[in-house]
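Worksheet: one structure, shown below.
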Amino acid sequence: MPARDLAALPKGHLHIHLEAAMRPATLAELAETMEVTIPETSGFSGFTAFADTYLGLLAVLSEPANLDRLIDEAVADAAHDGVAYIEFGVSPQFYAETFGSAAAALDAHLAASRAAGERHGVEVALSVTVDRTTGAAEAIALAEVAASRAGQGVVSLGLANEERGYPAADFAEAFAIARAAGLQSTPHAGELVGPESVWQAVEVLHADRVLHGVRAVEDPTLVATLAERGICLDVCPTSNVLLDVVDDLAVHPLPQLLAAGVRCSINADDPILFGPGILEEYVAAREQIGLTDAQLAACAWSSIETTLASPETKARAKAGIDAWLAAAA
């Protein structure tokens, strides 16, 4: 009997960095048109090389029309994979020169996201992402920009880049600004650093969701706290393998976290660099990690219910998830 179609499972995509959602063919085409050199998007080793490769993608996005195209194609791809709600991690500071300011750049992201969402039938929201390596002052300025667009498509404040040496506690003021405006707190933690990083995200930044967070499994008290508080971990299985967080998908801690009652979502992180999109990550979660369809449906619901998606999107997704699971496999 055929397995349930994972493309038909309504899902949220919560841990996806916008630039790395670019189609490889689009990157190649834009690089040729703009006559710029881009780094190889595979074959890098370790997080530092990964981060440098990521920044190389910006070379083709200095033209506003190219940013619009990226967003439209990324949303179209999400719709194809059964995504009902997508929350792009965006860095408007990367585009301040093109648009005149980070605020103007964020407005351009929002306009393109609204248009793409309407065109492809996906609810699109933005998580403004603070770079750990640029310091608290820039984080505060970016948080103020994000807070000023709360309720207009910006739904959360993220924290990314090198985790080692840049503790979450350094960004407490920025996250307080975001939370006061009604934004969710969605920092990266528990990827390159262990449970202590997740504890800071939870206790200092008051995380609603933790992007990655898989190293929480090393601390049973932390796992119990995450489960008790309903804090979702936005897990990226393939990314974890390629950046040496885990050795192999077969030993990924996702089943252990779910068994302990921790809510988790499944995500692709940076598809152009790591390979799989979200649909392929769900397939890998089923076939290589060993999740049951009930567990996959639970992850799909967590990826919708733990967000600021609209009540209408949540209701449609819940009905679709329940119908998917109720259908005979």
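Values quoted throughout were computed directly from the atomic coordinates according to the rules given, and no laboratory measurement underlies them. Values in this document were obtained by computation on a predicted structure and should not be read as measured data. Positions of Cβ are backbone-derived with ideal geometry, glycine not excepted, and every protein chain shown enters the neighbour counts.
Things worth noting here:
- Its DSSP H runs of at least 4 residues, each contributing -39,500 (n - 2.57), put the calculated 222 nm mean residue ellipticity of the chain at -14000 deg cm²/dmol, to the nearest 500.
- The calculated pair-distance distribution of segment 15-125 uses every alpha carbon pair, bins of 10 angstrom beginning at 0, and gives 14, 45, 35, 6 percent.
- Packing-based exposure ordering (other Cβ within 10 Å, fewest first) of 245, 75, 262: 245, 75, 262
- Taken over segment 253-306, the ratio of Cα radius of gyration to 2.2 N^0.38 Å equals 1.10.
- The three principal axes of the Cα atoms in segment 89-183 give end-to-end lengths of 42, 28, 22 Å, sorted in falling order.
- Gaussian network model of the chain, Cα within-10 Å springs - most flexible of 230, 12, 158: 230
- Largest-first principal axis extents, alpha carbons of segment 7-320, Å: 49, 42, 40
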